[in-house]
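Sharing a structure with you now.
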Amino acid sequence: MIERKVLTAAVMFAVVGMAAGFTTVASAAGAAAGDAVSGGAPTSVDEYLVAADQRAGDEAAAERDKYVQETGQEVESWGQKVEEYTATAKEKASAASEDASEALGDAWQTVEEKWQDLQDASADAWDAARENFQEAWSDFQRTWAEATKDS
């Protein structure tokens, strides 16, 4: 939010600066924004915009990393639950529990595949990979609830 305000101010300075001497105003706007691409203040609006894009990309990457870390812990925990359920279903050896175990195994395999896709996704493909993972996760949760409703 602060970067957006600084960016807006920088653009306003640049527009005003065209009448008053662009280089001086752009340098002042860049200095107000802080360090940029080359380690110093941006000397043009273009350099400032590049620096702002890089910071936004860094923030998005940090958000993706946080999501992957938090969700990874949950996926790991559920993987253990699936293993325990599958072992119990094999012990019961009823046709219904075997069918439920197979459906659960299929749903879990899809979750694992989509989880790997999410972890491997590029920044451009990450949102789509996240949606695919969340869909697989929801399907797994429904399958889990169905498989364990009588347990």
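Throughout, read-outs are computed from the coordinates displayed, never taken from laboratory work. Every value quoted in this text rests on a predicted model; they were computed, and no experiment measured them.
Can you list the aspartates and glutamates whose alpha carbon is less than 15 Å from that of K149, not counting same-chain residues fewer than 8 positions off?
Filter leaves E98, D99.
Wrap a convex hull around the Cα atoms of region 100-151, take a quarter of its surface area, and give that in square nanometres.
Mean projected area of the Cα convex hull: 3.2 nm².
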